[in-house]
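Data first, discussion second: the structure below is written as structure tokens.
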Amino acid sequence: MRSAASISIAALAILLAGAAWAGDQQLKIGVGTEGPISPQAAYQIEQIVAEMPNVKDVPIVPPGDQAAIVRRFVAGEADDRLDGVIILTLPPDSFKVERDAHEASFSGSYEIYTLDLSSLGEDRHVFMFSDSEPVTGGMTALLAIPAQLLAERTAGTKLISGNAWEAFQAVQVRIESKLVAATRMYLAKASIRNLHPLDRLECAQHLLDAGDADTAMAVFRSVGMDNPQVAAMLANANQRLKITRAETLLGRTLGALASGDAPAAATILASYEKEPAAQSARVAPIRRALSARETQVVNGAYNDVLGSDVPGLDRPAFIAMVKQVFSEQAGIEPAEVEMTANAVAIADNAAEKGVKTRLDGYASALGKSAYLMSLKCGCDAAATLKSDRSGSVLLQARCGPSFNRPQVGLP
């Protein structure tokens, strides 16, 4: 009896010790920057994160959108796993310069993005900043500085000399000080402070709920497909996975339809029909649209189908649709597509070169993306094209219910 009691006490002691160790375990938060933020400012921001209770900051290079972050820091190598991330973005194309006879004023925006890698709870906050500096000499040189006013300082390049350079340097230092102060103020009450240790299965469940089956499967594989919890979750999610596969094919069908490629739309539609979760009621209108002969009838039938089906697409299906549009119109499938309530952002490292050689195709694809986003939200919508997430906007488009056609142009 005493032996059993001793074992129980010992077991309890081990459990309490384990609980105490878990409570003392530091949370790992990856901190990354995008855009022309100087190394000095980035280091100061990392130190602010490190000051949070029970947190260890880990410098990272942001790998892309939410799915890319999860694949790298949840489903990736064990040494790379994080509990959350904070990404700070300073878009060069947000910078504005105003001038008069005696002063140059600078303004722009700065975004803080946080992501809990267990719950996938994310938050974005945009700060606006402004500053100015009187210039007594070299005014022409100062005002000729391009939009990426902080980029040259990051690279250590001296653009101009004399009073203009000194004014330029002073503005940059003050702006970065404001960015650091804004970060400190935001993180004092940010939701990321409620972070808990990474739970990969919780993350996978949220991915399934959002319809991102591919990323969820990457997480499951990192846990182990023979894990009993993984097997149970996959069994419960089987129907959801079937729906996601079907919806993604439907999205690609609608993307081909929006691009006017009837043969491609018919081929993808045939694949959609074979899916167990396919809805026959959605197939018939597309078949009728594809069978139209006259151009006027075709356009009207296509628009009717898009207007009916696009608003109900989930996130993965909408992204698949936009990627199909770019494949059809620009000849590339974008590396990243991000959507918000009324905007879609497309990024691909081949875009900068592609715009120079296939401008019409890229402009058409971006215009159609804005149109589809407008159908999705039932509101005025925007679409942007960049070579990467933190780069300058190469093309932008707008469309809304009152537009006769999308408006596409340079930023």
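The values are calculated or read from the model by the stated rules, or taken from the named source; none is laboratory data. Because the structure is predicted, anything quoted here is derived from the model rather than measured. Using ideal geometry, Cβ is built from the backbone for each residue, glycine included, and neighbour counts are taken over all protein chains shown.
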Subject >> Selected residue (only one of MET233, MET225 is part of a loop (DSSP other than H, G, I, E, B), over 20 Å from the mean Cα position of the chain (by Cα) and either of a type outside the set (Val, Ile, Thr) or not assigned by TED's automatic domain parsing to the domain that holds PRO316 (or both)) >> reply: MET225
Original post:
In the set ALA170, ALA182, ALA188, which member is more than 30 Å from GLU328 (Cα to Cα), in contact with an Asp or Glu (Cβ under 6 Å, 6 or more places away or on another chain) and either at pLDDT below 85 or not acidic (Asp, Glu) (or both)?
Top reply: ALA170
Subject >> Yes/no for ILE86 being at pLDDT 85 or above and part of a helix (DSSP H, G or I) >> reply: no
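For (1) assigned to a helix (DSSP H, G or I); (2) touching a Leu at 6+ places or on another chain (Cβ under 8 Å); (3) hydrophobic (A, V, I, L, M, F, W, C); (4) exposed (fewer than 15 other Cβ atoms within 10 Å of the Cβ), each residue gets a yes or a no:
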position: GLY32; (1), (2), (3), (4): no, yes, no, no
position: ILE37; (1), (2), (3), (4): no, yes, yes, no
position: GLN44; (1), (2), (3), (4): yes, no, no, no
position: GLN47; (1), (2), (3), (4): yes, no, no, yes
position: VAL58; (1), (2), (3), (4): no, yes, yes, no
position: VAL70; (1), (2), (3), (4): yes, yes, yes, no
Original post:
Of the residues that make up region 393-410, is at least one surrounded by fewer than 17 Cβ atoms within 10 Å (Cβ to Cβ), assigned to a strand (DSSP E or B) and free of Cβ contacts under 8 Å to residues at least 40 places away in the same chain?
Top reply: yes
Subject >> Hits in region 358-374 (condition: surrounded by 23 or more Cβ atoms within 10 Å (Cβ to Cβ) and over 25 Å from PRO92 (Cβ atoms)) >> reply: LYS368, TYR371, LEU372, SER374
Original post:
Does VAL135 qualify as being over 24 Å from the mean Cα position of the chain (by Cα), of a type in the set (Val, Ile, Thr), in the same structural domain as ILE45 (by TED's automatic domain parsing) and modelled with pLDDT of 70 or more?
Top reply: no
Original post:
Limited to region 269-279, what total is found for residues that are in a helix (DSSP H, G or I) and touching a residue at least 24 places away in the same chain (Cβ under 8 Å)?
Top reply: 1
Original post:
Tally time: how many residues in region 302-314 are surrounded by 15 or more Cβ atoms within 10 Å (Cβ to Cβ) and part of a helix (DSSP H, G or I)?
Top reply: 6
Subject >> Among the residues listed as ARG389, ARG288, the single one being surrounded by fewer than 17 Cβ atoms within 10 Å (Cβ to Cβ), among the charged types (D, E, K, R) and modelled with pLDDT under 95 >> reply: ARG288
